[in-house]
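K.L.:
Quick one: this structure, given as structure tokens, is what I'll be asking you about.
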Amino acid sequence: MKMIHPIMTTLLLGAMALVAACTGVQVDSASADKFKEGNYRSYSWLGAPVENTGGSHDPLYVIDPALRAAVDKELASKGYRQVASGGDFNIDYQFKASLADGELSSTARESDNVYPYADAPAMVNRRTDQALVDNAYALSGPREMNSILLRFSDGQDQGLVWAGAMSKLVENLNHENSKKMVQGINTAVRRVLQSIPTAP
């Protein structure tokens, strides 16, 4: 049985917890100290690119080429050279679609209660604002979240030398905008790779 590396677990759980509270892209990365020690100059992708041969609308078919292009661009700007195989370090990633729990705001709890909480502000001659209640319930339910865990491993011993997590709540599950998704990935990759030093 293969154990999950503690760095990856911490990054993924931390990113998921922080993302649950906002709709922007959340990034988190491990320290680059171990990566710096390797004096890496070249890299290879461990897996082959994902090809959409069946015309699927799965977000992975947008994410894979966009992620690879964004990582390649950022690493090239730092002086790293991509090679087909046998790079000084290897890159792979995990993509995960999950649900993040929502929570009702205190205003919604107070408005949906026939007998308001004792500390609720007094509202004389006011009825419950049903739109407020309906919107709060609609927005408080579970939301889909896409997460990517980017991992760099040593080319010789395959040991993990750096990891970065990127997560974003899916704003409209039925109408995912591919252009917006690519822009979000570009921004997230730029931010998550900031700690990676330039090539020696």
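The values are calculated or read from the model by the stated rules, or taken from the named source; none is laboratory data. Values in this document were obtained by computation on a predicted structure and should not be read as measured data. Neighbour counts run over all protein chains shown; Cβ positions are idealised from the backbone, glycine included.
K.L.:
Would you be able to say whether some residue in the stretch 12-26 is under 23 Å from A199 (Cα atoms), at pLDDT 60 or above and out of contact with any helix residue (DSSP H, G or I) (no Cβ under 6 Å at 6 or more places or on another chain)?
P.N.:
As a first pass, look at the stretch 12-26 and keep what is under 23 Å from A199 (Cα atoms): none.
No, that holds for no residue.
K.L.:
Please give the number of the condition G159 fails out of (1) at pLDDT 85 or above; (2) surrounded by 19 or more Cβ atoms within 10 Å (Cβ to Cβ).
P.N.:
It is condition (2) that G159 fails.
K.L.:
Filter the stretch 58-72 down to the residues that are free of Cβ contacts under 8 Å to residues at least 60 places away in the same chain and not aliphatic (A, V, I, L, M), then identify the one that is nearest to T198 (Cα to Cα).
P.N.:
Selected residue: D72.
K.L.:
Looking at (1) in contact with a Ser or Thr (Cβ under 9 Å, 6 or more places away or on another chain); (2) polar (S, T, N, Q); (3) part of a loop (DSSP other than H, G, I, E, B); (4) modelled with pLDDT of 90 or more, which is the only condition N113 fails?
P.N.:
Just one mismatch for N113, condition (4).
K.L.:
Given the residues A97, A70, which is the only one that is modelled with pLDDT under 95 and small (G, A, S)?
P.N.:
Working: A70 fails: modelled with pLDDT under 95.
Only one candidate qualifies: A97.
K.L.:
Of the residues that make up the stretch 26-36, is at least one free of Cβ contacts under 8 Å to residues at least 60 places away in the same chain and surrounded by fewer than 16 Cβ atoms within 10 Å (Cβ to Cβ)?
P.N.:
Yes, the stretch 26-36 contains at least one residue that is free of Cβ contacts under 8 Å to residues at least 60 places away in the same chain and surrounded by fewer than 16 Cβ atoms within 10 Å (Cβ to Cβ).
K.L.:
Then there's this: Of the numbered conditions (1) over 22 Å from L99 (Cβ atoms); (2) of a type outside the set (F, W, Y); (3) buried (at least 19 other Cβ atoms within 10 Å of the Cβ), M166 fails exactly one; give the number of that condition.
P.N.:
(1)
K.L.:
Return the residues of the stretch 66-96 that are surrounded by 15 or more Cβ atoms within 10 Å (Cβ to Cβ), under 22 Å from the mean Cα position of the chain (by Cα) and charged (D, E, K, R); say none if nothing qualifies.
P.N.:
R68, D72, E74
K.L.:
Another question, if that's okay. Going by the conditions given, is Y93 part of a helix (DSSP H, G or I) and among the aromatic types (F, W, Y)?
P.N.:
The answer is no for Y93.
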